[in-house]
Each structure stands twice: as structure tokens, then as C-alpha cells.
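Below: the structure, in C-alpha cells.
The values are calculated or read from the model by the stated rules, or taken from the named source; none is laboratory data. What you see is a predicted model, and the numbers here were worked out from it, not measured in a lab. Reconstructed Cβ throughout: ideal geometry from the backbone, glycine too, with neighbour counts over all protein chains shown. When the accessible area is computed, the model is the full protein with side chains, heavy atoms only, and any ligands, DNA or RNA have been set aside. Shrake-Rupley method; radii C 1.70, N 1.55, O 1.52, S 1.80 Å.
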Amino acid sequence: MNHLLTGDELGRDEVLWILDRAEAFKREPLGSDLLARRSVALIFQKPSTRTRVSFESGIVEMGGHPMVIRPDDLQLQRGESLRDTARVLGRHVAAVGVRTHDDGELRRLAAEDQLPVFNMLTQGHHPCQALADLLTLREAFGELDGLKLTYVGDGNNVARSLVVLGSKVGVEVVVSSPPGYQLDGATTVEDPREAVAGAQAVYTDVWVSMGDVDTEKRRQVLAGYAIDDELLAAAAPGAIALHCLPAHPGEEISESVLYGERQRIWDQAENRRHAQKAMLECLLGA
Ligand code: CP
Ligand code: NVA
């Protein structure tokens, strides 16, 4: 793997390798000093809690320096090209993570081939989240092959990454969204109750993602696409609830599910760090 832009760069064996290493990191957080005296740049053009905190702590645990860069810090905002920015980053840091709007921006940065590039969330994809989600699923059920995960809500970046990465390791991902908010190319079942039948995991995300402008319309159209105890009861016995966070209790998820017995949501948030450390090993050729 030279870059992680969508997750499609990874084969089944690489995903499973990352999950194995992530489990090892969870048991032994200081288990690698791959990044000793090296820096990893983290460029955030959108806000972040989990991604920033988990990458910063994870990189430090691997002996490295996380160089967090906000857009205003870079000459990019004064018109310096991505091409030139990539050339300079490549002379100083081991890899660069980017959170931005446009997937094309990330692809162009990677195409310069100056250093490994990884996606920390774009409009289209969130592969680091999906790796942590697969780790969480495997912890809950022991193996991934044959599991069914139903994503309920906006067919967005998080849903797409679950489809891309889930399909690598035998997880059937069904997406339940209303017309206008469905994910192209995904198995879609419009009715959430029908969609969750037989699912071992029921997943949701915010109705309004960073950069979305049709806030009120989304709240209206997506109103029936929330996870609550009733919907969970329509899934497989023992089904778990997942959410990438940040959550809006009372909108896409009920408070009783978010803090209840069946959620693995806070484990998902923790697993970001373990999965990303393993991803960095994979990216940097440990
Ligand atoms: N789940 C996730 O990526 O959270 P942040 O936006 O807080 O990084
Ligand atoms: N779909 C959300 C995910 C946040 C982690 C967004 O892009 O804002």
C-alpha cells in the first residue's frame, strides 16, 4: 500500500493483517517504535475530535512526532500549489494524513508521489473509521466472514467506507436511506426495519455531515432513519449498535442506545488509535 485514499488499495490479507496488528497494539500500546524520531504531518481542513486525538496519541506511542497543521498554517491558503506543498512535505515527514472536502485534492496530492498519503476523512470516504469499525466488529463476534451490518441513515462517506472495506473481509453491508440520500452502488433497502432483519450490527452516523448545507431538509427527510431500541430489537438477537461519532442523541440515535448495553460505540472511538497505528505500519512498510 503506497497510499490510503479509499481503502480499496487494500486486499483482504492486508485488511486482516491491519486488524491483527491493531489487536496487538491494543494489548501492547508501545509495541512499535517505527516512527522513532520521525514526523507525520496531519492536515485538518475540517474540525475533528477523534481523528486528531487518536492519531496524535498513536503516533507518539510509536515514537514519532505528530505535526498537526491547520489550513491557515500553510501557504496553500495563499495560493501555493498542492504539488509544491507535497514536494516540501516529502522532504521532511514520513507520511501525511489529510482531512478535507474534495477527494480529488487528496488524489492529486498522492499522485505527486512524494510521500505516503492517508485519508483522515473526505466528502467521499472515511477509511480510517471503517478499519476501527471492523476491529470493533471482530472483537464483538470473533470473526467477520458472514456478518451482516446494516447502516441506517445518510448514504455518506462513512457508509461508503464500510461498504468498501467490509466487502474485503466478507461483511455484508446493507444501507438503508431515503431517496435522495442513498449511496450509489450499495445494496440499499429503503425500509429500516426490513434492512436490519438478521443484522448483527446496526450502524448510524450524523444526518448532516461537515460541508452539508441542506440541514433542515435532511432533518425532515432522514427523520425515520434513526437507531432506537425498537429498531435494534428488529435486528438479529445480540445485535450491537455502532456510531462513528460525533452523535446527536434524539436525532440519528436515541440516548438509550448511545449509552446502553448493546452499543460498542465508545470501543469504536478507542479502536481508532489501535487500527490507525497498524495502518501506519502497513503504509510505511513495517
Ligand atoms: N469519527 C470521527 O472521525 O470523529 P472526528 O470527526 O471527531 O474526528
Ligand atoms: N459523515 C460525517 C462523519 C464525521 C466523523 C462527516 O463527514 O461530517
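Structure data summary
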{"read-out": "Inter-residue pairs, beta-carbon under 8 Å, first in contact (Cβ under 8 Å) with a residue 40 or more places away in the chain and within 26 Å of Phe141 (Cβ to Cβ) and in region 170-190, second in a strand (DSSP E or B) and of a type in the set (S, T, N, Q), 6+ apart", "value": "Ser176/Thr150; Ser176/Thr188; Ser177/Thr188"}
{"read-out": "Residue in region 52-73 that is among the aliphatic types (A, V, I, L, M), buried (at least 21 other Cβ atoms within 10 Å of the Cβ) and at negative phi present", "value": "yes"}
{"read-out": "Among (1) of a type outside the set (Gly, Ala, Ser); (2) over 21 Å from Pro249 (Cα atoms); (3) in a helix (DSSP H, G or I), the one test that Arg193 misses", "value": "(2)"}
{"read-out": "Qualifying positions in region 223-275 - small (Gly, Ala, Ser), within 16 Å of ligand 2 (Cβ to nearest atom) and in contact with an Asp or Glu (Cβ under 7 Å, 6 or more places away or on another chain)", "value": "Ala226"}
{"read-out": "Single condition Thr150 does not satisfy, out of (1) open to solvent by 10 Å² or more (accessible area, probe 1.4 Å); (2) out of contact with any His (no Cβ under 8 Å at 6 or more places or on another chain); (3) more than 12 Å from ligand 1 (Cβ to nearest atom); (4) not in a helix (DSSP H, G or I)", "value": "(1)"}
{"read-out": "Matching option when the condition is in contact with a Cys (Cβ under 9 Å, 6 or more places away or on another chain), at negative phi and among the charged types (D, E, K, R), among Asp154, Asp133", "value": "Asp133"}
{"read-out": "Those residues of region 255-278 which are in a loop (DSSP other than H, G, I, E, B) and either among the basic types (Lys, Arg) or open to solvent by 30 Å² or more (accessible area, probe 1.4 Å) (or both), in sequence order", "value": "Tyr259, Glu261, Arg262, Arg264"}
{"read-out": "Hits in region 225-246 - residues which are within 16 Å of ligand 1 (Cβ to nearest atom) and open to solvent by 60 Å² or more (accessible area, probe 1.4 Å)", "value": "Pro246"}
{"read-out": "Pairs, first more than 20 Å from Glu56 (Cβ to Cβ) and modelled with pLDDT of 95 or more in region 15-30, second open to solvent by 20 Å² or more (accessible area, probe 1.4 Å) and of a type in the set (D, E, K, R), C-beta under 9 Å, six or more apart", "value": "Val15/Lys168; Leu16/Lys168; Leu19/Arg138; Glu23/Arg138; Glu23/Glu139"}
{"read-out": "Single match in Arg160, Arg99 (criterion: over 22 Å from Asp20 (Cα atoms), at pLDDT 95 or above and either surrounded by 24 or more Cβ atoms within 10 Å (Cβ to Cβ) or touching a Pro at 6+ places or on another chain (Cβ under 6 Å) (or both))", "value": "Arg160"}
{"read-out": "Residue in region 172-213 that is surrounded by the fewest Cβ atoms within 10 Å (Cβ to Cβ), counting only those that are closer than 15 Å to His243 by Cα and polar (S, T, N, Q)", "value": "Ser209"}
{"read-out": "Test: residue in region 83-106 that is touching a Cys at 6+ places or on another chain (Cβ under 6 Å), in contact (Cβ under 8 Å) with a residue 12 or more places away in the chain and closer than 19 Å to Glu14 by Cβ", "value": "no"}
{"read-out": "Residue under evaluation Val117, criteria (1) over 30 Å from Arg27 (Cα atoms); (2) in contact (Cβ under 8 Å) with a residue 60 or more places away in the chain, criterion not met", "value": "(1)"}
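Rundown of residues vs (1) among the hydrophobic types (A, V, I, L, M, F, W, C); (2) modelled with pLDDT of 95 or more; (3) within 14 Å of ligand 1 (Cβ to nearest atom); (4) out of contact with any helix residue (DSSP H, G or I) (no Cβ under 7 Å at 6 or more places or on another chain), yes/no style:
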residue	(1), (2), (3), (4)
Thr204	no, yes, yes, yes
Met210	yes, yes, yes, yes
Ala223	yes, yes, no, yes
His248	no, yes, yes, yes
